[in-house]
Amino acid sequence: MSNLADLLQQEWVLVNRLGGYAMGTAAGISTRRYHGHLVAAVHPPADRWILLDCVEATIETPVGSFGISSNQYPGVIHPEGHRWIESFKVHEQSVAWVLAGPAWRARKTISMSLGANQSTVTYTNEGEGAFELALRPLVCHRPYHSNFGVRPDYPELIELDTEWISVRDQGVGVRLDHAGARRELIQGWYYRFERARETERGLPDRDDLFCPCELRYRLGPGESAVLVASLVGETPVGAEPEMDEDALPIERAARKFWIETPSRTSLLAGLPWFTDWGRDTMIALPGLCLRMGRPEMAREILRDYASQMRRGLIPNRFVEKYEEPEYNTVDASLWFGCAVYRVLSDEWDDDFATNILVSLNDLIGWHRRGTDYGIRMDSDALLTQGEAGVQLTWMDAKIGDWVVTPRHGKPVEINGLWIQTLRTGAWIAERLGESYDYAALADRAEEAFERRFWSEHHGWFFDTVDPYDAQLRPNQLIALSLPMGPRCADLAERALRACEEHLLTPKGMRTLAPFEAHYHGRFEGPLPELDAAYHQGTAWPWLLGVYAQACIRVRGGFDARVIEGWIEGLLGEGGLDGIAEVYDGDAPQRPGGCPWQAWSLATLIDALAMARGQ
């Protein structure tokens, strides 16, 4: 098996499509505070809590005792279960390790149920002789962005039955079903678990965990011990059938982001630390829904977001718990308009079109009159926006009161999206036999776009006008990629060549050209340094898909084999069966940010289908 360093870099995740998940490394060592065997979405799809962090496991044989789990403490790994790993494999809803030692062989499997906050941990004796298995589940009750330390009053309540034990705290309970085990109430704390990836990010990196009991099993050859962890209040479900193992890797990867809960249908922006964000959901929707054969899911997502529209804006993000959504975005609503076009052009539906046009009319009306955060149509028919201390575009990093890339005024991609949204409204209205002035307004905006955004001196489009910002960024590619966005004739080709020369890398498009004064070629260090580099040179894979789509629109095609190569090179480098959020702008380009990012995968899936003529 690979060495420890390689195993620690291989992260896996299983999801339940409620927002909950299980996550860890191939080494079995939790390197992030976000790792755990059961991370439950207490109020789906948000309010995630780490409940079952891990399980200490020991195999006892006549020749000795062998720890088959692993944890990182300051300066030491204990036990050293990674030494016994013979193989590790990821399936869509389960991960499995085969471990082998002197005169014993065992398999550990973690599986996650769909539609329930439930994980099942199974240990199977795959050797020729019997052994004793001792399990100590290590639990905590903490929101997943936080850490957990010893509390004298923890837990608030422990309940017991013959074949289960539950641990409750702060109104949240985890139940551990352990049929067939001999339970001993050996209780106590395990101290100072160290999370190496949090250390790298300059964040709190220590946790303490509580053991409520020890579970012992005598396992003969072929026999299994099964521990089921679930959220108290949910009915435990049976074992889930394994998903289609013949599915393409990108299909398995796409399904990790699907959210289908009683409250809403949506897409996760990324795992582990993002829930569903309006902008990310709309950008990812064509690739993760339409290209996966789920048009009804796409329509339901749009209906759900339309129901949350306020003053012409859809939510930027749904926050974790008991709070109103945040609306601090200028582009999410415009990406909504683009997604509406993609859904209806993929499969026309009169009823959906009639209802969604009401929302588009509301959106366009508010943007023309003026809505929150200074978002309004100016006299040249272009959109302007901006408010001190608020980040409104996708380049939204903020450190304290410092907005790193404020981009106030008229950003290039915002106005491309505005033109697309106006033409979408006109197209739907015409098909439904209604009439609005949206097409004429789009013509005015497109004329102003070409006249005001093009910089002949530089040979590319300004990133913003009013005020003018000529830094070379990839946002112009977004405007050029849109199906009914501005065309700009020969200017588009010149802009593409400039972006190819200075921004294109094998792992993503740089967010700022290396010759610019504020360029950061490395995405590394503590969180403030990461945020400072986030949109100042860091390369984003999602923009590769945008670039390819811009080439298809401007040049009439793109080599599908290039996109296939990108996907093959990116898939699994951040998280297994996923594409990372970002990469360094400079070589060697290391993955960073979220290990699984929805739009990183989605735009490439979409672009690949377009390049193949689909």
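The values are calculated or read from the model by the stated rules, or taken from the named source; none is laboratory data. Every value quoted in this text rests on a predicted model; they were computed, and no experiment measured them. Neighbour counts run over all protein chains shown; Cβ positions are idealised from the backbone, glycine included. Side chains are part of the model used for accessible areas, which takes the heavy atoms of the whole protein and leaves out ligands, DNA and RNA. Shrake-Rupley method; radii C 1.70, N 1.55, O 1.52, S 1.80 Å.
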Quick calc of log₁₀ I(q)/I(0), segment 266-365, Debye, one scatterer on every Cα, no solvent, q values 0.13 1/Å, result -0.41
Rounded to whole Hz, the Karplus (6.51, -1.76, 1.60) HN-Hα couplings of segment 104-112, x for glycine and proline: 8, 8, 9, 10, 10, 10, 10, 10, 10
Nearest 10 degrees, 0 to 90: what angle lies between the long axis of helix 438-453 and the longest principal axis of the chain (Cα atoms)? 90 degrees
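Rg/Rh for the chain: what does it come to with C-alpha atoms and Rh from Kirkwood? Each step should come with its number before you reach the end.
On the way: Rg = 25.8 Å, Rh = 25.6 Å.
That ratio is 1.01, to two decimals.
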Relative to the longest principal axis of the C-alpha atoms of the chain, give the angle of the C-alpha long axis of helix 278-288, reported between 0 and 90° and rounded to the nearest 10°. 80 degrees
Bin width 10 Å, alpha-carbon pairs only: give the P(r) of segment 368-481 as whole percents, running from 0 to the bin holding the largest distance. 14, 42, 31, 11, 2, 0
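State the volume of the convex hull built on the alpha-carbon positions of segment 459-518, expressed per residue in Å³ and rounded to an integer. Could you put the intermediate results ahead of the total?
Working: hull volume 5.5 nm³, N = 60.
So the per-residue hull volume is 91 Å³.
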Could you order F558, F148 so the one with the most accessible surface comes first? Probe is 1.4 Å. F558, F148
Spelling out what I want: for every residue of segment 295-306, take phi, set θ = phi - 60°, compute 6.51 cos²θ - 1.76 cosθ + 1.60 (Karplus), and round to whole Hz; glycine and proline get x. x, 5, 4, 4, 5, 5, 4, 5, 4, 5, 5, 4
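Quick one: Cα convex hull volume of segment 48-100, Å³ per residue?
Working: hull volume 6.4 nm³, N = 53.
Convex hull of Cα atoms, per residue: 121 Å³.
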What list of whole percents do you get for P(r) of segment 370-432, with Cα-Cα distances grouped in 5 Å bins up to the one holding the largest distance? 4, 17, 22, 21, 15, 10, 6, 3, 2, 1
Please identify which residues in segment 252-291 have an amide N closer than 17 Å to a label point set 7 Å out from the Cα of I552, following the Cα→Cβ vector. 283-291
So what is the accessible area of segment 486-614 per residue, in Å², with the probe set to 1.4 Å? 35 Å²
Distribution of pairwise C-alpha distances over segment 94-157, 10 Å bins, in %: 15, 33, 29, 20, 3
Suppose the chain between R494 and W273 were pulled fully straight at 0.36 nm per residue; how much longer would it get relative to their current alpha carbon spacing? 75.7 nm
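Can you check how the C-alpha radius of gyration of segment 340-407 compares to 2.2 N^0.38 Å, as a plain ratio? Mind dumping the intermediate values first?
Working: Rg = 16.2 Å, N = 68, 2.2 N^0.38 = 10.9 Å.
Ratio of Cα Rg to 2.2 N^0.38 Å: 1.48.
Given Cα positions, please report Rg to Rh for segment 414-562, the hydrodynamic radius being the Kirkwood one. Don't skip to the answer; put the middle values down first.
Values: Rg = 16.9 Å, Rh = 16.5 Å.
Rounded to two decimals, Rg over Rh is 1.03.
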Alpha carbon centroid spacing (whole Å) that separates segment 378-448 from segment 188-218: 47 Å
Taking just the C-alpha trace of segment 1-56, give me its Rg and Dmax in Å. 12.1, 39
Please work out the Cα center distance from segment 594-610 to segment 135-149, rounded to the nearest Å. 32 Å
With a Förster radius of 60 Å, plug the Cβ-Cβ distance of E184 and E324 into 1/(1 + (r/R0)^6) and report the FRET value to the nearest 0.05. 0.80
Treat each spin label as a single point 7 Å out from the Cα along the C-beta direction, and report the R368 to T235 distance in nm. 5.2 nm
Reciprocal of mean inverse Cα separation for segment 101-235 (Kirkwood radius, Å): 16.5 Å
Please report the base-10 log of the normalised intensity I(q)/I(0) for segment 296-424, using a Debye sum with one equal scatterer per alpha carbon and no solvent, at each q in 0.16, 0.18 (1/Å). -0.80, -0.99
Against the longest alpha carbon principal axis of the chain, how many degrees, from 0 to 90 and to the nearest 10, is the axis of helix 542-555 turned? 30 degrees
Please list, or write none, the lysines whose alpha carbon is within less than 20 Å of the alpha carbon of K256, excluding same-chain residues fewer than 8 places away. K89
With N set to the number of residues, divide the alpha-carbon radius of gyration of segment 545-614 by 2.2 N^0.38 Å and report two decimals. 1.13
Potential lengthening between E516 and R168 on full extension [0.36 nm per residue; Cα-Cα distance subtracted]: 119.9 nm
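As a test of understanding, state the convex hull volume per residue of segment 248-296 from its alpha carbons, in Å³.
Values: hull volume 3.9 nm³, N = 49.
Taking only Cα atoms, segment 248-296 has a hull volume of 79 Å³ per residue.
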Cα point-scatterer Debye curve for segment 188-290, base-10 log of I(q)/I(0) at q = 0.19 Å⁻¹: -1.16
State, as an integer percentage, the relative contact order of the chain based on alpha-carbon contacts under 8 Å between residues 6 or more apart. 11 percent
What list of ³J(HN,Hα) values in whole Hz, one per residue of segment 75-83 in order, does the Karplus curve 6.51 cos²θ - 1.76 cosθ + 1.60 (θ = phi - 60°) give from phi, with Gly and Pro shown as x? x, 7, 9, 8, x, 10, x, 4, 5
